[in-house]
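Data block below; observations after.
Since every read-out is calculated from the coordinates, none of them should be taken as a lab result. Everything quoted here is computed from the prediction, not taken from an experiment. Cβ placement follows ideal geometry from the backbone for every residue including glycine, while neighbour counts extend to all protein chains displayed.
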């Protein structure tokens, strides 16, 4: 039998809790509404989208897809923000493809475009994972995450009060050789373009250490490390960065699989950094996906699938709930994002 056909049925008899809605209203600080990640809701009835969010108990929703380009940013502002201004926050982005064309003028140009995006209605800046992996300057050189030439961009974000959601690197296993020791072997087989084996790509920790230096160098700019600070496999490392950088926060989007397989460590992490963690899904406005996250955060359920596929997507392991106290849940679900992202 091939491994891909192996679907063992657990014989454990454990409690299964269905959490239809979060215990407190949820502020989704990391999600999408366009294609390909958000389901193309910019082409669907807005009322249907609002019904889904109401069903899931999500009262505010950050759409990061404005970062695909200013035309998309304007379209999303016009469609979502204009019609439901209290429900949606739309983030802008950086057009890295302009660097070879603009040369040394690019950093100031990017900072200027961010000012224009803020005037148009953008409420944050999203940096996608191509930064540190693919972005190159006018010399064809790979741009480091902490490249000082980009200081005008980060300084401008701070001056404008725009938080920066930043995703660099990816799961650690994506940087490892794709062999029998790689815990994401099946996932990488399905998505070979997700492999960033070093070399030729920079080592994982080289990228993460650059992020640490960047955030520390700009203490007046608020940074939100996407996907548990881009290193959910090592919460001690993320905690050290949170301790060192008061302007740094993390969201939990798309990492329930990682967090749920280390429930003791994850629970301690959430309690210790309860003021620095933001709720997020990254799965589109899906009530089913939200319920898995609610189950992880609120219950003590054991050994459950962290997604709805026959084979867990991120690896052949299951998740455990961390049953957070209400005062921590309230902050993670809503209050932290409200403080950082709203009223700017």
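Given the Cα-Cα distance of residue 11 and residue 82 and 0.36 nm per residue of separation, how much length would full extension add, in nm?
20.4 nm
Just subtract the alpha-carbon distance of residue 55 and residue 308 from 0.36 nm times their residue separation and send over the number in nm, one decimal.
89.2 nm is the gain from fully extending residue 55 to residue 308.
Pairs of Cα atoms under 8 Å, at least six residues apart: use those to get the relative contact order of the chain, whole percent.
Relative contact order for the chain comes out at 20 percent.
To the nearest µm²/s, what D does Stokes-Einstein give for the range 170-283 at 4 °C and 1.567 mPa s, using the Kirkwood radius over alpha carbon pairs as Rh?
86
Label residue 194 and residue 240 with points 7 Å out from Cα along Cα→Cβ: what is the distance between them in nm?
The modelled label-to-label distance comes out at 2.7 nm.
In the chain, what % of DSSP beta bridges are antiparallel (nearest 5)? If you can, show how the numbers build up before the last one.
Details: 2 of 21 bridges.
Here the share of antiparallel DSSP bridges comes out near 10 percent.
With runs of 4+ DSSP H residues as the only contributors, calculate the mean residue ellipticity of the chain at 222 nm using -39,500 (n - 2.57) per run, divided by the residue total and rounded to the nearest 500.
Values: 14 runs with 118 residues, N = 344.
After summing the helix terms and dividing by residue count, I get -9500 deg cm²/dmol.
Let me know the shape class of the range 138-196, please: from the alpha-carbon gyration tensor, a ≥ b ≥ c as square roots of the eigenvalues, rounded when a/c is under 1.5, otherwise prolate if a/b is greater than b/c, or oblate.
Prolate, because a/c is 1.5 or more and a/b exceeds b/c.
Mind checking which of 301, 147, 63 has the largest fluctuation in a GNM of the chain, springs on alpha carbons under 10 Å?
147
Over 38 Å, how big is the tail of the calculated P(r) for the chain, in percent of all Cα pairs?
13
Quick check on packing: order 83-95, 270-282, 67-79, 46-58 by the mean number of other C-beta atoms within 10 Å, highest mean leading.
Details: 83-95: 20.0, 270-282: 21.5, 67-79: 18.4, 46-58: 16.6.
So the order, starting with the most tightly packed, is 270-282, 83-95, 67-79, 46-58.
Taking 0.36 nm per residue of separation and subtracting the Cα-Cα distance, what length does fully extending residue 98 through residue 265 add?
Contour length minus the Cα-Cα distance gives 55.9 nm.
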